[in-house]
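This report concerns only the one structure given below.
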Amino acid sequence: MKTYKPTTPSRRNTQTVNYREFLTTSTPEKSLTTGFKRSMGRNNQGRITTRHKGGGNKRLYRLVDFTYNKKDIPAKIQSVEYDPNRTSFISLIAYADGEKRYVLTPKSLTKGDTFIVSEKAPLTPGNRLPLKLIPVGTFVYNIELKPGTRASIARSAGNFAQVVANDGGYTNLKMPSSEVRKVSEECYACIGEVSNSENKLRKYGKAGRSRWRGIRPTVRGSAMNPVDHPYGGGEGAQGRGTRRPKSIYGKVTGGRKTRTPKKYSNHSIVSRRKVGKKR
């Protein structure tokens, strides 16, 4: 991590990733970028569904490949780049047939390294193969939920899932959330961990840095009026005044189970994630 000389109070408390150690270029591949409009927390009707979002620097969207549908063709990493739209680094790769794509960068791989998507691929970081061929205890990322679809599990910085067991056409995976889940053994996954594991150690240092990222201020409910929040009102500092913690809309947020009892994926869950202080 990179720290700064305390020339100002915000500089004293700022801690960032030292990108010079990991990135090899600052200019993205133009053919793999596109402009886009961020939702700013609004749905298709323009109504705010996620609070505290808006503003921020304009971003260029990188078209990252999560399908990995070019099999048995080796690929070489040409550069490791920063992506403002995700927490991990991305790599510009060139397949042996000349096609270029962006993929998530695995930990420990850098410019010049190679990988391959194949059932015969060796068990080295970056290679992608079916879960049935991956031994128990291996860390994997970029995991498909259904065979032939795009990778959707363990994609953020420093994340990985662990292969726990192979049985009856399914592979048991221990997710980053500590949940153990069954996935078809025909699904593909990449060996290793996602890059930029230091991302969680960043400290913005000042409010303005959050605004650059499109994060708007969060106001405490107890500082509001009764009309605006269940915790609002009262002279001076007051307790919440309600038996259970609630959101701004009056919805209970602590101690109440919210998962749908008959959710379609219940049969895939071997053990639930561990929550609360005991975790």
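A short reminder: the numbers here are calculations on the coordinates, not readings from a lab. No experiment lies behind these values; they were computed from the predicted model shown. Using ideal geometry, Cβ is built from the backbone for each residue, glycine included, and neighbour counts are taken over all protein chains shown.
Between Val136, Val194, Val219, the Gaussian network model of the chain with springs among Cα atoms under 10 angstrom shows the greatest mean-square fluctuation at Val219. Rounded to 0.05, the FRET efficiency of the Arg59 and Lys2 pair, given R0 = 35 Å and the Cβ-Cβ distance, is 0.95. Relative to the Cα centre, the charge distribution of the chain, modelled as +1 at Lys and Arg Cβ and -1 at Asp and Glu Cβ, gives a dipole magnitude of about 1800 debye.
In a simple Cβ point-charge model (Lys, Arg +1; Asp, Glu -1; nothing else charged), segment 1-117 has a dipole of about 860 debye relative to its Cα centre. Placing R0 at 41 angstrom, the Cβ-Cβ distance between Ser156 and Ser222 gives a FRET efficiency of 0.80 after rounding to 0.05. Computed from label points 7 Å out along Cα-Cβ, the spacing between Lys257 and Thr67 is 3.9 nm.
Which entries of Lys206/Lys246; Lys146/Lys262; Lys120/Lys200; Lys70/Lys107; Lys37/Lys257; Lys182/Lys263 have Cα-Cα distances beyond 25 Å here?
Lys206/Lys246; Lys120/Lys200; Lys37/Lys257
Taking 0.36 nm per residue of separation and subtracting the current Cα-Cα distance, fully stretching the chain between Gln45 and Ile248 would add 71.0 nm. What separates the Cα centres of segment 186-253 and segment 39-86 is a distance of 22 Å. Contact order for segment 18-199, expressed relative to its length and based on alpha carbon pairs under 8 Å spaced 6+ residues apart, stands at 19 percent.
By definition, a body whose alpha carbon gyration tensor gives a ≥ b ≥ c is oblate when a/c is 1.5 or more and a/b is not larger than b/c, and the chain fits this oblate description.
Once you order the gyration tensor axes a ≥ b ≥ c over the Cα atoms, which shape class does segment 11-53 get: rounded for a/c under 1.5, otherwise prolate or oblate by comparing a/b with b/c? Note, shape of segment 11-53 comes out oblate.
When the chain is treated as a GNM with alpha-carbon contacts under 10 Å, the residue of Pro135, Pro147, Pro261 showing the greatest mean-square fluctuation is Pro261.
Sorting the segments 269-276, 74-81 by their residues' average number of neighbouring beta-carbon atoms within 10 angstrom, most packed first, yields 74-81, 269-276. This model, with +1 at the C-beta of Lys and Arg and -1 at the C-beta of Asp and Glu, gives segment 219-279 a dipole about its Cα centre of some 760 debye. Each of Thr253, Asn266, Pro226 was placed along the dipole of segment 219-279 (beta-carbon charges, centred on the mean Cα), and the one lying farthest toward the positive end is Asn266. Averaging the Cα positions of each part gives two centres, and for segment 16-35 and segment 110-177 these lie 25 Å apart.
Between Lys274 and Arg38, 0.36 nm times their residue separation minus their Cα-Cα distance comes to what? Can you show the working numbers first?
Details: separation 236, 0.36 × 236 = 84.96 nm, distance 3.30 nm.
Stretched out fully, the Lys274 to Arg38 stretch lengthens by 81.7 nm.
Between the residues Gln162, Val194, Thr124, the greatest Cα displacement towards the positive end of the dipole of segment 117-227, with unit charges on the Cβ of Lys, Arg, Asp and Glu, is found for Val194.
The slack between Asp167 and Ala96, meaning 0.36 nm per residue of separation minus the straight C-alpha distance, is 22.0 nm. Between Gly54, Gly148, Gly241, the GNM of the chain built on Cα springs shorter than 10 angstrom shows Gly241 fluctuating the most.
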